[in-house]
Amino acid sequence: MTSSIRIYVPADAAAVSVGANAVAAKMIQEAEHRKIAISLVRNGSRGMLWLEPLVEIETPQGRIGFGPVGVDDVASLFEAGLGQAGKHPLALGIVDELQWMKQQTRLTFARVGLIDPLSMEDYKKHGGLVGLQTALALSGADIVEQVRASGLRGRGGAGFPTGIKWKTVHDAAADQKYIVCNADEGDSGTFADRMLMEGDPFTLIEGMVIAGVAVGATKGYIYLRSEYPHAHAVLQKAIAVAQESALLGPSILGSGKAFDLEVRLGAGAYICGEETSLLESLEGKRGIVRAKPPIPALHGLFGKPTIVNNVLSLASVPWIMAHGAQSYADFGLGRSRGTLPVQIAGNVKHGGLIELAFGITLREIIEGFGVGTLSGRPVRAVQIGGPLGAYVPPEQFDTPMDYEALAGIQAMLGHGGMVVFDDTVDMAKQARFAFEFCAKESCGKCTPCRIGATRGVELMDHIIAGKDRDQNIKTMRDLTQLMTDASLCAMGGLTPMPVLSALNHYPEDFTRPAMPLAAE
Amino acid sequence: MTKHMQRDEAFAASLISEHLHLEGAMLPILHALQNEFGYVDEAAIPLLAEALNISKAEVLGTITFYHDFRHEPPGRTVIKLCRSEACQSVGCEELVAHAKSHHNLSMDNTSEDGSVTLETVYCLGNCALGPAALVNDELVGRIDQKKFTQIIEHAASTAGGRS
């Protein structure tokens, strides 16, 4: 088999959604038919989603990409001689040298798309487990200090310094502590967690093990949203492989330290991405938000000290441990250190994932990487940071993509997702949707969120219908102030952000000729 | 699973007890029941309350809190159509209108012949290749009206979709 040709066809859910499984099956069939020895690897996605299914063929010069490849293109790739198919109409050149790839700083996503996600051998060959081995030689306090010094901030959206959270759990005395990974990636426009879990699950597992070793926790949970069945299947298999290879179990890499891990599925509740609601859900209850304090670091899962971190925060830790805190902190800008996986999505020509040091502007992402809209119409708005994030108009596209700069324009980074809209978007409808979403997904514990969201939908219906517009807009502003100030968590507290950004940047959409009441 | 089997209480009870050793066993049990029967029957409520030593109200409260758990059997094919912002930007609401006008299918309902259930979902993580849907747990991207019609017609003509 040594002379067989290595061919990569992604098994990432996005690639599968546009036919990657059929392409992979056809590859095998065609190879058998032509009696050509191939070894087919189902890798993760490189993040160039508009090129999926992106087939790669290994050559002495590097991996040549072809995409998007349909089932009907497979035979012609064989005709063209596979590795010699550089002149094929779908040939893209050496993948690592493509503009999209070259401009990135891939730390957390270094292996995603490159390796077989479930091969421990591949993982080690590409630098896996070095971070954990480094960590095992240090004291818990030293590991925590490394994470603090790296400047890593929670990648879930809130941006809280990860090292401080870890220190609190480290310093707490308890018979049992937990590491909980928040993989409830519910924000529209985000898929980085999913891509990492499907493309390089051992990185997340290694990050969780390091967290466990650092703070003295022996049990971890990955709380995964049920909307990700593909990621669920990959994680289950990865955990089994990790247990066989002593990355999980009673003695991690023979160190005598124990850590084990389970995946738990959510059940379609957006609010369970909020950490205290997530903990309630893990405990088997309704996902009702808890009042803080006490903070989960001290009083978390089943009342025990618990680290709750996003997938990307935990998956950044192995790199930090392997390369040193300072190397990580050397990337970035101001108080936003390291790299950020940006996801560009929606009505965009070149959608996908790019990992970049903080500081790149929105324009460079939307126009440089995204190359404008899929529809070919002008960009009118970009929603950043999910359904609770602001709609940003083109006048503000020179803002850098970092926590503080976005806060400065009343926007937020969130989980790094950007959804592009063309000029057919009706921003009054988007504002209405923000309230509607909040009404559907509110846990119901606090009044500003539970009642406010429903009142917001009613107000938007009146505004769209042209009823007492000035008065209703005034009332709506007042309502958003109340929700911002008095909601228990970010669900009610940030729903005003998309609403107000729509109203402030696109007032003309709120004074259009009256529309009949919206259907829903 | 095509016809929705009469709930078998002994079987449900064994599914419940299989998961009782887990910390926070409620959601794993509810998922197991739904995987098996396609929905969570109300007859499961007293069984869960007994097994977990909590009140029936708490069990009902938990089941109804989560959008995933159905209270009646779904159609043979379940289509979960994403309706969040990224899919809105590429026309998912036009698909919703199309399903109604061309296939007489309304959101969060099952077709009269029991072939298709169309459900709302908020984000499937396929935001760069929308509109997206999960069709019996298979992710489909770049759904236009033609593709959507194919999915629905295929579902209508299949005897069994769910497994």
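Of all residues in region A:377-386, which are assigned to a strand (DSSP E or B) and either open to solvent by less than 30 Å² (accessible area, probe 1.4 Å) or at the interface with chain B (Cβ under 9 Å from one of its Cβ atoms) (or both)? A:A381, A:V382, A:Q383, A:I384, listed by residue number.
Selection within region A:406-438: residues that are small (G, A, S) and free of Cβ contacts under 8 Å to residues at least 24 places away in the same chain. The member of this set that is nearest to A:R455 (Cα to Cα) is A:A407. Residues in region A:449-501 that are of a type outside the set (A, V, I, L, M), under 31 Å from the mean Cα position of the chain (by Cα) and open to solvent by 30 Å² or more (accessible area, probe 1.4 Å): A:R450, A:T454, A:Q481, A:T484, A:D485.
So if I check each of B:A97, B:A132, which one is farther than 18 Å from B:R70 by Cα, facing chain A (nearest Cβ under 7 Å) and more than 15 Å from the chain's Cα centre (by Cα)?
Working: B:A97 fails: facing chain A (nearest Cβ under 7 Å).
Being farther than 18 Å from B:R70 by Cα, facing chain A (nearest Cβ under 7 Å) and more than 15 Å from the chain's Cα centre (by Cα) holds for just one of B:A97, B:A132, which is B:A132.
Mind checking which residues of region A:338-376 are part of a loop (DSSP other than H, G, I, E, B), within 11 Å of chain B (Cβ to nearest Cβ) and either of a type outside the set (A, V, I, L, M) or open to solvent by 30 Å² or more (accessible area, probe 1.4 Å) (or both)? Spell out the reasoning first.
First, the residues of region A:338-376 that are part of a loop (DSSP other than H, G, I, E, B): A:338, A:347-351, A:358-360, A:370-376.
Among the residues that remain, those that are also within 11 Å of chain B (Cβ to nearest Cβ) are: A:347-351, A:370, A:373-375.
Answer for region A:338-376, where residues must be part of a loop (DSSP other than H, G, I, E, B), within 11 Å of chain B (Cβ to nearest Cβ) and either of a type outside the set (A, V, I, L, M) or open to solvent by 30 Å² or more (accessible area, probe 1.4 Å) (or both): A:N347, A:K349, A:H350, A:G351, A:G370, A:T373, A:L374, A:S375.
Taking region A:434-446 as the range and being open to solvent by 20 Å² or more (accessible area, probe 1.4 Å), hydrophobic (A, V, I, L, M, F, W, C) and within 11 Å of chain B (Cβ to nearest Cβ) as the test, only A:C443 passes. Tell me yes or no: at least one residue of region A:330-337 is on the phi < 0 side of the Ramachandran plot, among the hydrophobic types (A, V, I, L, M, F, W, C), open to solvent by 10 Å² or more (accessible area, probe 1.4 Å) and away from every other protein chain (no Cβ under 14 Å). There is at least one residue in region A:330-337 that is on the phi < 0 side of the Ramachandran plot, among the hydrophobic types (A, V, I, L, M, F, W, C), open to solvent by 10 Å² or more (accessible area, probe 1.4 Å) and away from every other protein chain (no Cβ under 14 Å).
Would a scan of region B:82-90 turn up a residue that is within 11 Å of chain A (Cβ to nearest Cβ) and open to solvent by 40 Å² or more (accessible area, probe 1.4 Å)?
Step one: list which residues in region B:82-90 are within 11 Å of chain A (Cβ to nearest Cβ), which gives B:82-90.
Applying the additional criterion that residues be open to solvent by 40 Å² or more (accessible area, probe 1.4 Å) yields none.
Within region B:82-90 (the criterion being within 11 Å of chain A (Cβ to nearest Cβ) and open to solvent by 40 Å² or more (accessible area, probe 1.4 Å)), the answer is no, since none of the residues qualifies.
Filtering region A:230-247 to residues that are open to solvent by 10 Å² or more (accessible area, probe 1.4 Å) and either within 21 Å of A:I271 (Cβ to Cβ) or polar (S, T, N, Q) (or both) leaves A:H232, A:Q236, A:Q243, A:S245.
Take B:H71 and tell me if it is more than 24 Å from A:Q383 (Cβ to Cβ), in contact with a helix residue (DSSP H, G or I) (Cβ under 7 Å, 6 or more places away or on another chain) and either among the hydroxyl-bearing types (S, T, Y) or open to solvent by 10 Å² or more (accessible area, probe 1.4 Å) (or both). Spell out how you get there, then give the answer.
Details: more than 24 Å from A:Q383 (Cβ to Cβ): yes; in contact with a helix residue (DSSP H, G or I) (Cβ under 7 Å, 6 or more places away or on another chain): no; either among the hydroxyl-bearing types (S, T, Y) or open to solvent by 10 Å² or more (accessible area, probe 1.4 Å) (or both): yes.
Against the criterion (more than 24 Å from A:Q383 (Cβ to Cβ), in contact with a helix residue (DSSP H, G or I) (Cβ under 7 Å, 6 or more places away or on another chain) and either among the hydroxyl-bearing types (S, T, Y) or open to solvent by 10 Å² or more (accessible area, probe 1.4 Å) (or both)), B:H71 does not qualify.
Scan region B:109-141 for residues that are farther than 21 Å from A:G416 by Cα, part of a loop (DSSP other than H, G, I, E, B) and free of Cβ contacts under 8 Å to residues at least 24 places away in the same chain and jot them down. Those that are farther than 21 Å from A:G416 by Cα, part of a loop (DSSP other than H, G, I, E, B) and free of Cβ contacts under 8 Å to residues at least 24 places away in the same chain: B:E112, B:D137, B:G141.
Condition check ((1) of a type in the set (D, E); (2) surrounded by fewer than 16 Cβ atoms within 10 Å (Cβ to Cβ); (3) on the phi < 0 side of the Ramachandran plot) across all residues:
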{"site": "A:G254", "(1), (2), (3)": "no, yes, no"}
{"site": "A:E274", "(1), (2), (3)": "yes, no, yes"}
{"site": "A:S277", "(1), (2), (3)": "no, no, yes"}
{"site": "A:R290", "(1), (2), (3)": "no, no, yes"}
{"site": "A:V308", "(1), (2), (3)": "no, no, yes"}
{"site": "A:S313", "(1), (2), (3)": "no, no, yes"}
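Scanning region A:230-243 for residues that are over 18 Å from the mean Cα position of the chain (by Cα) and in contact (Cβ under 8 Å) with a residue 12 or more places away in the chain yields A:Q236, A:K237, A:A238, A:I239, A:V241, A:A242, A:Q243.
Only residues that are more than 15 Å from B:T64 (Cβ to Cβ), within 10 Å of chain A (Cβ to nearest Cβ) and in contact (Cβ under 8 Å) with a residue 24 or more places away in the chain were counted across region B:19-30, and they come to 1. If I filter region A:387-396 for residues that are of a type outside the set (K, R), within 13 Å of chain B (Cβ to nearest Cβ) and open to solvent by 10 Å² or more (accessible area, probe 1.4 Å), do I get at least one hit? Yes: one or more hits.
Among the residues of region A:260-274, those identified as over 19 Å from A:M197 (Cα atoms) and more than 8 Å from every other protein chain (Cβ to nearest Cβ) are A:I271, A:E274. With respect to being over 23 Å from A:L51 (Cβ atoms), within 18 Å of the chain's Cα centre (by Cα) and not in a helix (DSSP H, G or I), B:L81 fits the description. Across region A:236-259, the qualifying residues are those that are within 19 Å of A:G140 (Cβ to Cβ) and in a helix (DSSP H, G or I), and the one among them that is nearest to the other protein chains (Cβ to nearest Cβ) is A:I252.
The values are calculated or read from the model by the stated rules, or taken from the named source; none is laboratory data. If you're wondering where the values come from, they're calculated on a predicted model, not measured in any experiment. As a convention, Cβ positions derive from the backbone with ideal geometry for all residues, glycine included, and neighbour counts pool all protein chains shown. In case anyone asks, the SASA skips ligands and DNA or RNA and just uses the protein heavy atoms, side chains included. Shrake-Rupley method; radii C 1.70, N 1.55, O 1.52, S 1.80 Å.
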